[in-house]
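For reference, the structure is listed below as structure tokens.
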Ligand code: PHE
């Protein structure tokens, strides 16, 4: 253990108290942090009481140190003037004194020591006065301060002195003062209870001033905060949340029901994660629907000529990590066929894609997806609805670009102007679901469905100023980042 606590007790014992540790010989050079730690531990044992004393300590700058040996600039100038009996030529000042001359000249004029006579400086005093500046500097050097505060400010202005704060302590005896530092019990143990030793044990008093340890608590991930904002927007527009808590799907629900042909590149190993065990799903309960899907792909149906390829049951039943939440939307729309009516559904959940990982892509991300079913709705409704949806988060002035999805026709990519980046960025994908998808489910022809999707990560990264997705999601994320981030509000800085 450090000797410091004992030294403190001894000093208090000897002098009755310590007025200021900064002035006490034995503590003058002790680091104030170490001093504070020792004082606090003695105080906790009620052996002493202490108060902080803050003191401004003034020190001389390098220039001021020079004054101590050579005199102030103004005295040196006056000295030269007095030495030259006819006055000192102004043009000679620089040669004689260098920079000191110019600085001293100003002060000497101000003090009324010299005057100008033609091209010369003449003295207004007959002998060198006391060098007050140097006297003041000496006092500061010895005591760390100057009684004349006006002069002190003046010296500070001339950059001759600088101030640092020093912390000292006033220490007096506490109720349990003594020279022996006891260690107290801090906690009652089961051992003490069984042996009865607690009766004689001395316990450390409670420190009710201690701030204590900050309690550990859970924190919402920024993605979850932004997700909550999106949920509120959906709820405010009359949407119901879909049950999306299932990461594994069959190819049937992830692709076939969405009229994604079995040769489509998205179904490639490079793009999709396939499960090894179990490798295949069971044939869906609704066997007629399963056959409808085969028909619409292979031979064409519902007025569509289909893709005309040999559709494989085996391929359809392969298990995948869902590549989009549209698999959930498909299952929910299929259910809607039991009782068809205008409907608004959304989901926000995780999807997986077998992609190369870089600063903006991971093999998994979250999709925000909405589907809206209504009688005889058109592409105009889709565009109008997108304008309304995105304006709820402060994103206005959308642009749309024709795109392709196997399950929507027409399909539109949604763009917004990013003020920060100074360019148009894609913020979503949308479209009117195809009859090849809706009619095999048994939905009436005129109940049309529009849908759209966007990533949750992109707005979250913009919102929280994260440029590398690995700082947002995955094992490299700093817990501090998660714990200290504020709640999110979706407003105009989302895209701008
Ligand atoms: N599934 C699409 C995607 O992954 C999003 C989307 C959903 C597009 C619904 C149209 C309709 O980007």
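The values are calculated or read from the model by the stated rules, or taken from the named source; none is laboratory data. All values reported here derive from a predicted model rather than from experimental measurement. So basically every Cβ, Gly included, is an ideal-geometry build from the backbone, and we count neighbours across all protein chains shown.
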> Residue check: is residue 375 at pLDDT 95 or above and within 11 Å of the ligand (Cβ to nearest atom)?
Replying inline: no
>> Six or more apart or on different chains, Cβ atoms under 8 Å: show the pairs whose first residue is in region 405-432 and over 16 Å from residue 369 (Cα atoms) and whose second is near the ligand (Cβ under 9 Å from one of its atoms).
In response: 406/258; 409/431; 409/432; 410/431; 410/432
> Hey, among the residues in region 450-488 that are within 16 Å of the ligand (Cβ to nearest atom) and out of contact with any helix residue (DSSP H, G or I) (no Cβ under 8 Å at 6 or more places or on another chain), which one's farthest from residue 375 (Cα to Cα)?
Replying inline: 458
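Counting only residues that are touching a helix residue (DSSP H, G or I) at 6+ places or on another chain (Cβ under 6 Å) and either part of a loop (DSSP other than H, G, I, E, B) or exposed (fewer than 12 other Cβ atoms within 10 Å of the Cβ) (or both), how many does region 208-254 have?
Result for region 208-254: 4.
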> What is the one condition in (1) away from the ligand (no atom under 14 Å from the Cβ); (2) within 18 Å of residue 439 (Cβ to Cβ) that residue 314 does not satisfy?
Replying inline: (2)
>> Which residue is surrounded by the most Cβ atoms within 10 Å (Cβ to Cβ), if the candidates are limited to region 323-363 and must be part of a strand (DSSP E or B) and more than 13 Å from the ligand (Cβ to nearest atom)?
In response: 343
> Do we have residue 291 as part of a loop (DSSP other than H, G, I, E, B) and either under 21 Å from residue 331 (Cα atoms) or within 51 Å of the chain's Cα centre (by Cα) (or both) here?
Replying inline: no
> Among the residues of region 378-392, which ones are surrounded by 19 or more Cβ atoms within 10 Å (Cβ to Cβ) and either without any contact (Cβ under 8 Å) to a residue 12 or more places away in the chain or more than 14 Å from the ligand (Cβ to nearest atom) (or both)?
Replying inline: 390
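Out of 328, 283, which single residue is under 19 Å from residue 261 (Cα atoms) and out of contact with any helix residue (DSSP H, G or I) (no Cβ under 7 Å at 6 or more places or on another chain)?
Sole residue among the options that is under 19 Å from residue 261 (Cα atoms) and out of contact with any helix residue (DSSP H, G or I) (no Cβ under 7 Å at 6 or more places or on another chain): 328.
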>> Can you say whether residue 176 is exposed (fewer than 12 other Cβ atoms within 10 Å of the Cβ) and closer than 26 Å to residue 44 by Cβ, as far as the supplied structure shows?
In response: no
>> When the residues of region 398-441 are narrowed to those that are part of a loop (DSSP other than H, G, I, E, B) and either surrounded by 16 or more Cβ atoms within 10 Å (Cβ to Cβ) or out of contact with any helix residue (DSSP H, G or I) (no Cβ under 9 Å at 6 or more places or on another chain) (or both), which ends up modelled with the lowest pLDDT?
In response: 421
>> So residue 319 passes all but one of these: (1) under 16 Å from residue 246 (Cα atoms); (2) within 16 Å of the ligand (Cβ to nearest atom). Which condition number does it fail?
In response: (2)
>> Go through (1) touching a residue at least 60 places away in the same chain (Cβ under 8 Å); (2) loosely packed, with under 15 Cβ neighbours inside 10 Å for residue 118 and report which single condition fails.
In response: (1)
> With respect to the numbered conditions (1) surrounded by 15 or more Cβ atoms within 10 Å (Cβ to Cβ); (2) touching a residue at least 40 places away in the same chain (Cβ under 8 Å), which one is the sole condition not fulfilled by residue 128?
Replying inline: (1)
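Take residues that are more than 26 Å from residue 161 (Cα to Cα) and tell me which of the helices (runs of 4 or more DSSP H) falling wholly in region 1-112 contain 3 or more.
Filter on region 1-112 gives 4-15, 32-44, 73-83, 90-97.
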>> I'd like the full set of residues that are within 16 Å of the ligand (Cβ to nearest atom) and over 17 Å from residue 454 (Cβ atoms), limited to region 409-431.
In response: 409, 410
> Based on what the data block shows, is residue 444 touching a residue at least 24 places away in the same chain (Cβ under 8 Å), within 13 Å of the ligand (Cβ to nearest atom), more than 18 Å from residue 230 (Cβ to Cβ) and surrounded by fewer than 21 Cβ atoms within 10 Å (Cβ to Cβ)?
Replying inline: no
